[in-house]
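Worksheet: one structure, shown below.
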Ligand SMILES: [Zn+2]
């Protein structure tokens, strides 16, 4: 039995786990990668199922264990918000919203209109997360996460509970 054939079908867990950070990846569409990989990286894109690594500290963005193919932050045209700690940290790629914009608005007014703005744009069909957001997913979840975390940390400083 040859090596190449014995390893052809990996169990689901092994297929979707990033081998750098060990975390489970999220499925990602090919169209997302085709839009966001740099040209040299795109030339290495294999015909296989890829996953997006959501771990903030991991440099891997896309991977396919099946094809033994890994793409890192430097091979993606945009900054991957979840993996950045310095400005600008993109939250919403379709409408150019950064983490800083959310923090500033909440800092100034105690609340933010950004989620409602994004929801209205999405409703009007102006969103293109599939080809603009590196994860290929709607950014609202990430935006809400940052909003809640910011409001909670503000409230936490003033009162307990
Ligand atoms: Zn990873």
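The values are calculated or read from the model by the stated rules, or taken from the named source; none is laboratory data. All values reported here derive from a predicted model rather than from experimental measurement. All Cβ positions, glycine included, derive from the backbone under ideal geometry; neighbour counts span all protein chains shown.
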Check: residue 54 versus (1) within 16 Å of the ligand (Cβ to nearest atom); (2) loosely packed, with under 15 Cβ neighbours inside 10 Å: which is the lone unmet condition?
Finding: (2)
Checklist line | Residue identified as in contact with a helix residue (DSSP H, G or I) (Cβ under 7 Å, 6 or more places away or on another chain) and assigned by TED's automatic domain parsing to the domain that holds residue 151 among 91, 37 | finding: 91
Notebook entry, point to check: So which residues in segment 5-30 are within 16 Å of the ligand (Cβ to nearest atom), modelled with pLDDT under 95, loosely packed, with under 14 Cβ neighbours inside 10 Å and closer than 15 Å to residue 69 by Cα, if there are any at all?
Noted result: 14
Item checked: Filter result (part of a loop (DSSP other than H, G, I, E, B) and closer than 19 Å to residue 37 by Cα) within segment 121-138 -> 128, 133, 134, 135, 136, 137, 138
